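Contents: one structure, followed by commentary.
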Amino acid sequence: MFTCDNLGVNGAGHLTFAGQDTAALAAEYGTPLYLMDEDRIRQCCRTYLRAMREHFPAGSAPLYAGKACAFGQLYRIMSEEGMGIDVVSCGEIHTAARAGFDLANAYFHGNCKTDADIAYAMDRGVGAFVVDGAEELDAIEAEAEKRGIRQAVLLRLTPGIDTHTYEAVNTGKVDSKFGSAIETGQAETLTAHALTLRHVDLAGFHCHIGSQVFAEDVFERAAAIMLEFIASVRKEHGYTARRLDLGGGYGVRYVADDPVLDIAAKIADVAKAVKDACARLDLPEPAILLEPGRSIVADAGLTLYTVGAVKHIPGYKSYVAIDGGMADNPRYALYRSRYTCLCANRMAEANELVCSVVGRCCESGDIIQEGVSLPGGIRRGDLVAVCTTGAYNYSMASNYNRLPRPPIVLLSGGKARVAVARESLDDLTRLDL
Ligand code: LLP
């Protein structure tokens with residue numbers, strides 16, 4: 001039943017998360033409530049750090065992709081663990097900086113950075129830019145020249161790999177809106193251009209093939225394609241890339257029939273593919289960067305809701321409506337993403353009601369999950385837990401229907417602390433002039 005070992009049941013028949021009673025947490029902090037298991041986050045970071053240190057050359061590092069979830073205390077955890085970060089906006093840069101994160105270890109992504117974004121990131125000392133195309137490269141050259149610096153960059157390339165994930169999160173294909181394609185020759189043209197720029201220090205190349213990826217060997221294939229490109233650039237231009245960033249994407253377990261990925265073993269497989277390709281191509285091994293987001297925070301998150309209504313439509317279906325929905329978790333509405341839903345205060349009861357768990361927004365598409373099994377007696381006031389919500393829930397939350405965003409409570413070593421406060425009604429009107 002459980003997708004991660006930080007879930008359990010106590011003697012009261014309540015769901016526990018990170019060893020704590022979720023019903024007690026709901027009573028103390030209210031619902032909807034995002035819980036995050038800090039110990040699990042640190043454990044996931046250490047798995048990446050240890051495996052990358054063991055298998056890849058010096059200078060290799062995991063960069064936490066803050067798009068999965070970003071708030072001050074999370075960046076503090078990343079800093080304490082020695083992770084680098086991938087940032088995609090001035091908002092993420094500002095949040096990380098305010099938390100004391102050393103931005104020299106930040107990589108700035110995005111396919112449409114404005115001149116203002118570029119200037120802001122440079123002024124704050126962001127370590128490297130991951131450049132999407134020629135216009136951005138020229139804008140970086142101009143801003144770096146003004147400051148009299150040489151800005152480290154990676155060029156984002158598309159290796160042309162289809163990961164067979166859902167289209168909306170599949171980015172490594174040739175026709176992607178991201179990066180420059182190797183296949184069309186645009187990657188090479190961009191590289192040649194970068195090498196002519198005096199204020200740009202080309203550190204290497206980047207690719208990101210997709211998200212929630214389980215497919216056997218896609219990272220190995222991407223690494224091989226990227227290294228072949230690096231070898232051809234070395235031959236044509238005498239330039240040898242120092243870093244290769246293979247992006248993020250490892251999948252996590254949302255439901256019991258999703259596989260469990262052994263990240264350390266996956267990293268060892270990628271390392272072997274990198275070594276083999278470098279030996280075959282007679283290349284020095286570049287430092288390898290990975291950008292995990294989901295696999296660092298997803299199963300460290302759980303959302304708690306209170307049931308407001310249970311509606312049975314005889315001969316049709318049953319609904320369990322909760323006090324949150326697509327505003328705090330838009331992933332079913334966007335991607336039909338699967339989730340495990342549990343009745344947190346009735347874990348000892350049989351789940352005999354098949355229902356749709358729906359949100360409170362004024363929209364039929366506001367669904368958290370369909371075909372969920374919950375206790376037959378579930379009623380107003382009961383608690384529904386949605387598991388594995390640590391990635392792309394808080395970060396994609398909105399104030400749709402003028403709903404305040406839930407707080408984030410961090411759980412660690414049996415203690416709980418609020419890391420992000422619940423939005424108030426006044427927060428909602430704060431910017432109204
Ligand atoms: N690096 C780059 C360049 C990315 O675009 C992404 C995710 C990552 C790293 C992190 O990938 P992860 O390890 O988290 O899979 N909102 C969607 C996911 C979009 C992913 C976008 N890019 C969802 O909720 O499933």
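Below 8 Å between Cα atoms, with a sequence gap of 6+, how large is the relative contact order for segment 109-292 in percent?
19
Let me know the Rg and Dmax you get for segment 109-292 when you use only its Cα atoms, in Å.
When restricted to Cα atoms, segment 109-292 yields Rg and Dmax of 16.7, 55 Å.
Karplus couplings for segment 316-325 from phi (6.51 cos²θ - 1.76 cosθ + 1.60, θ = phi - 60°), rounded to Hz, Gly and Pro as x?
After applying 6.51 cos²θ - 1.76 cosθ + 1.60, I find 10, 8, 10, 10, 10, 9, 10, 7, x, x Hz.
For helix 134-147, what angle does its Cα long axis make with the longest principal axis of the chain, in degrees from 0 to 90 and rounded to 10?
80
Taking just the alpha carbons, could you work out the radius of gyration and Dmax for segment 203-283, both in angstroms?
14.4, 50
Could you give the length gained on full extension between R53 and V174, defined as 0.36 nm per residue of separation minus the Cα-Cα distance, in nm?
40.4 nm
Kindly list the residues of segment 1-37 that lie in the label zone of R417, defined by a backbone N under 20 Å from the point 7 Å along the Cα-to-C-beta vector.
Output list for this probe position: 17-21, 25-26, 28-30, 34-37.
Would you please give the FRET efficiency between D162 and N111, computed as 1/(1 + (r/R0)^6) with r the Cβ-Cβ distance and R0 = 22 Å, to the nearest 0.05?
Rounded to the nearest 0.05, the efficiency is 0.70.
How many percent of DSSP beta bridges within segment 109-292 run antiparallel, rounded to 5?
0
Which percentage, to the nearest 5, of the DSSP beta bridges contained in the chain is antiparallel?
45
If R0 is 56 Å, what FRET efficiency do you get for S424 and V260 from their C-beta distance, rounded to 0.05?
The formula returns an efficiency of 0.90 here.
What net charge do the residues around I85 carry, taking every other residue with its C-beta under 14 Å from that of I85, with Lys and Arg at +1 and Asp and Glu at -1?
Once positives and negatives cancel, what remains is -3.
At a Cα cut-off below 30 Å, give the lysines reachable from K173, other chains included and same-chain residues fewer than 8 away excluded.
By straight Cα distance, K173 reaches K67, K113, K235, K266, K272, K275.
May I have the pair-distance distribution P(r) for the chain, computed from all Cα-Cα distances with 20 Å bins from 0 and rounded to whole percent?
Percent of pairs per bin, in order: 25, 53, 21, 1.
Quick query: amide H of V420 versus all other amide H atoms, modeled in the peptide plane; which residues come in under 5 Å with a sequence gap of 5 or more or a different chain?
Close amide H contacts, sequence-distant or interchain: I408.
How much mean residue ellipticity at 222 nm does the chain get from its helices, if each DSSP H run of length 4 or more adds -39500 (n - 2.57) and you divide by all residues, to the nearest 500 deg cm²/dmol?
The per-residue figure over the chain is -9000 deg cm²/dmol.
Normalised by the number of residues in the chain, what is the relative contact order in percent for Cα pairs under 8 Å and 6+ residues apart?
19
Compare the Cα positions of T47, A58, Y29 along the charge dipole of segment 14-69 (+1 at Cβ of Lys, Arg; -1 at Cβ of Asp, Glu; about the Cα centre) and return the one farthest towards the positive end.
A58
I'd like the carbon and sulfur percentage of the solvent accessible area for segment 109-292, probe radius 1.4 Å, heavy atoms only, ligands and nucleic acids excluded.
The value for segment 109-292 is 50 percent carbon and sulfur by accessible area.
For the Cα atoms of the chain, what angle does the longest principal axis make with the long axis of helix 263-281, in degrees from 0 to 90, nearest 10?
Orientation of helix 263-281: about 20 degrees from the principal axis.
Given H placed on each backbone N at 1.01 Å, which residues far from A65 in sequence or on other chains put an amide H within less than 5 Å of it?
D86, G293
Please list, ordered by chain and number, the residues whose modelled amide H lies under 5 Å from the amide H of V131; skip anything fewer than 5 residues away on the same chain.
For V131, the qualifying residues are L154, L155, R156.
In debye to the nearest 20, how big a dipole does segment 109-292 give about its Cα centre with +1 on each Lys and Arg Cβ and -1 on each Asp and Glu Cβ?
For segment 109-292, the charge dipole is close to 520 debye.
Grab the other residues whose beta carbon is less than 15 angstrom from that of A416, score K and R as +1, D and E as -1, and report the net.
Once all neighbours under 15 Å are counted, the net charge is -1.
Give the distance, in whole Å, between the Cα centre of segment 317-348 and the Cα centre of segment 15-43.
That distance is 17 Å.
What is the Cα radius of gyration of segment 185-337 over 2.2 N^0.38 Å, N being its residue count?
That works out to 1.49 for segment 185-337.
Quick check for you: with a 1.4 Å probe and neighbouring chains kept, what is the accessible area per residue of the chain, in Å²?
For the chain, the solvent-accessible area averages 41 Å² per residue.
Give me the number: length gained by fully extending A12 to L431, i.e. 0.36 nm times residue separation minus the C-alpha to C-alpha distance, one decimal in nm.
146.4 nm
Mind checking the angle between helix 218-237 and the chain's longest principal axis? C-alpha axes, 0 to 90 degrees, to the nearest 10.
Approximately 20 degrees, to the nearest 10.
Rank these residues by their accessible area, most exposed first, probe 1.4 Å: Y48, Y316.
Sorted by accessible area, descending: Y316, Y48.
Under 16 Å from a label point 7 Å along Cα→Cβ of K272: give me every residue in segment 195-215 with its amide N that close.
none
Would you compute, for the Cα atoms of segment 195-236, the largest minus smallest coordinate along each principal axis and list the three values in descending order, in whole Å?
On the principal axes, segment 195-236 reaches 41, 22, 9 Å in Cα extent.
The values are calculated or read from the model by the stated rules, or taken from the named source; none is laboratory data. It should be emphasised that the depicted structure is a prediction, and the values quoted were computed from it without experimental measurement. Positions of Cβ are generated from backbone atoms using ideal geometry, with glycine treated the same way; all protein chains shown enter the neighbour counts. Ligands, DNA and RNA are stripped out before the accessible areas are found, and what is left, the full protein with its side chains, is counted by its heavy atoms. Shrake-Rupley method; radii C 1.70, N 1.55, O 1.52, S 1.80 Å.
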